[in-house]
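To start, the structure under review is shown below, and the notes come after it.
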Amino acid sequence: MTLPEFYKNNDKNICLMSIDKSLSKKSKDWFLHAFDYQYSYHFTWLGIPIIQFPQDIVAIQELIWKLKPDLIIETGIAHGGSLILSASILDLIGNGIVLGIDVDIRDHNKKIINQHPLKKRIQMIEGSSTSKKTIKQVYKIAENKKKILVLLDSKHTENHVLKELLAYSPLVQKGGYIVVFDTMIEEMPKNYFKNRPWDKGNNPKTAVRKFLKSDKRFKIDKAIEKKLLITSCPDGFLKCIK
């Protein structure tokens with residue numbers, strides 16, 4: 001089988017998967033069940049906890065390799081595994097930096113990231129991703145960058161994510177992407193997240209819906225979601241089309 005034939009066969013099977021209601025239900029049920037065991041916490045990237053579903057890790061890797069961005073903006077750092085993922089692919093490409101933003105970068109996490117072999121590809125800003133000060137710093141770093149990928153994974157309330165979308169979407173040019181993580185909260189049972197400010201009806205997916213009503217430059221890329229089947233980002237892969 002030639003490579004074009006291989007991809008053509010893949011497209012056919014992805015299309016068939018996307019209309020298989022039984023498989024979709026099993027995938028969603030599996031996701032909800034696995035979530036009870038903090039499934040996304042079980043993985044690392046180059047030795048650093050990444051806190052993502054493996055399917056989404058693969059999807060991000062594919063996007064970075066396809067887009068070859070000069071700059072990746074990531075809101076939410078946690079242990080830093082996602083920064084390391086982005087930096088590792090950029091390093092293979094041979095260009096670009098990843099800019100991590102978090103309101104609280106713990107000293108031990110900062111130390112691990114700064115000691116990592118890929119630290120040359122990483123910059124960090126400690127502060128709210130929606131504050132005027134932080135946004136100004138980001139835009140300064142983004143000057144003269146032609147291709148920018150934005151990954152939003154910080155505070156998961158509708159208000160916060162909508163502010164992030166409005167703040168950083170102008171940096172993304174036609175063909176680029178914003179990935180909004182944890183849109184799956186809208187599909188979780190109400191009151192599932194105890195002691196958290198987000199819930200069904202107030203989360204990244206509801207922010208995406210509001211954003212897309214006013215910004216016609218972006219549309220949901222369903223092709224990625226159909227291929228993954230299991231993702232924390234349903235309706236969260238936003239492609240810039242204008």
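Here are some notes:
- Computed over the Cα atoms of the range 61-120, pair by distinct pair, the Kirkwood hydrodynamic radius stands at 11.7 angstrom.
- Computed over the chain: relative contact order in percent, which uses C-alpha pairs under 8 Å that are six or more apart: 18 percent
- Centre separation in Å (Cα based) which lies between the range 170-242 and the range 104-153: 21 Å
- Point-to-point label distance, Val58-Thr44, nm (Cα→Cβ direction, 7 Å offset): 2.2 nm
- With the charge dipole of the chain set up from +1 on Lys and Arg Cβ and -1 on Asp and Glu Cβ about the Cα centre, the Cα lying farthest toward the positive end among the listed residues Ile185, Val138, Asn195 is that of Val138.
- Residues Met1, Met124, Met17, ranked from the fewest to the most other C-beta atoms within 10 Å, line up as Met1, Met17, Met124.
- Anchor Lys219: lysines whose Cα lies under 19 Å away (excluding residues fewer than 8 positions away in-chain): Lys66, Lys147, Lys163, Lys174, Lys205, Lys210, Lys227, Lys239, Lys242
- Loop trypsin sites (Lys or Arg not before Pro), the range 59-153, which have at most 14 other Cβ atoms in a 10 Å radius of their Cβ (DSSP): Arg106, Lys146
- Stokes-Einstein D (µm²/s) once Rh is taken as the Kirkwood radius of the chain over alpha-carbon pairs, at 4 °C in 1.567 mPa s: 70 µm²/s
- Averaging the Cα positions of each part gives two centres, and for the range 69-89 and the range 39-57 these lie 12 Å apart.
Read-outs throughout are calculated quantities, based only on the coordinates presented, and are distinct from any laboratory measurement. Worth saying up front: this structure is predicted, and the values here are computed from it rather than measured. Cβ: placed from backbone, ideal geometry, glycine included. Neighbour counts: every protein chain shown.
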